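Below is one structure, written out as structure tokens, with a few remarks after it.
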Amino acid sequence: MEQVMGMKVEGFLRVLCTVLSSAAALIVALDRESKEIFFKERKATFKYLHSLWHLVIICSAAAGYHLLLSCRCFVFAWALRSNPCSGSKLFAWVSFLLDQAVTYATFAATSAAAQDAMIGIFAVRALQWGKICNTYTGFCVLLVGPGGVCAFLATFSMAVVASLSAYHLFRLYPSPASRIKN
């Protein structure tokens, strides 16, 4: 019973990761603004900053990954009433490493996008970067506001899932105290 409850909790955490990372990807991908500058219409979209492009791709891939694994959790919890992979060290290692990789990739993409957003807001004179957000205020408000918050919340929830995955992995190994007693 405890194993089924653990699978349900992991499934709901993975659904939360799916929702937050897909929301971040959608907010950033659908954010655009047009301005007329010197009689020419200019558009600001996520495709012009490589870090935003990478954020959308990585958040979308992370959402798909967590959606697949949340389906696995719910199928094991409700249909099978047990986890056939619970004793498998290979499956635990693969799950742990993939969770870590997805978490770190999302964190790196989110941090890079946040850094680019701060450069767009405050400018860097040494790099001759002007304040992009003075021109495209609506684009920057959605990028830094809801898009960035969703991406960081998704990263935090993925870190919780990765720590749960680490717990599932390392509980398969005996503790040093139990080795000494034997």
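The values are calculated or read from the model by the stated rules, or taken from the named source; none is laboratory data. Quick caveat: nothing in here was measured; it's all calculated off a predicted structure. Please note: Cβ atoms are built from the backbone with ideal geometry, for glycine as well, and neighbour counts cover all protein chains shown.
Numbers below:
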{"item": "Qualifying residues in region 149-178 (those that are part of a helix (DSSP H, G or I) and free of Cβ contacts under 8 Å to residues at least 40 places away in the same chain) - the one nearest to MET5 (Cα to Cα)", "result": "TYR167"}
{"item": "Members of region 7-22 that are among the hydroxyl-bearing types (Ser, Thr, Tyr) and farther than 12 Å from CYS71 by Cα", "result": "SER21, SER22"}
{"item": "Region 43-56, subset within 18 Å of THR103 (Cα to Cα) and in contact (Cβ under 8 Å) with a residue 24 or more places away in the chain, residue surrounded by the fewest Cβ atoms within 10 Å (Cβ to Cβ)", "result": "HIS54"}
{"item": "Residue in region 18-39 that is at pLDDT 80 or above, in contact with a helix residue (DSSP H, G or I) (Cβ under 8 Å, 6 or more places away or on another chain) and within 17 Å of LEU98 (Cβ to Cβ) present", "result": "yes"}
{"item": "First in region 75-102 and modelled with pLDDT under 70 and of a type in the set (Lys, Arg), second anywhere and assigned to a helix (DSSP H, G or I) and surrounded by 13 or more Cβ atoms within 10 Å (Cβ to Cβ), Cβ under 8 Å, 6 or more apart", "result": "ARG81/VAL4"}
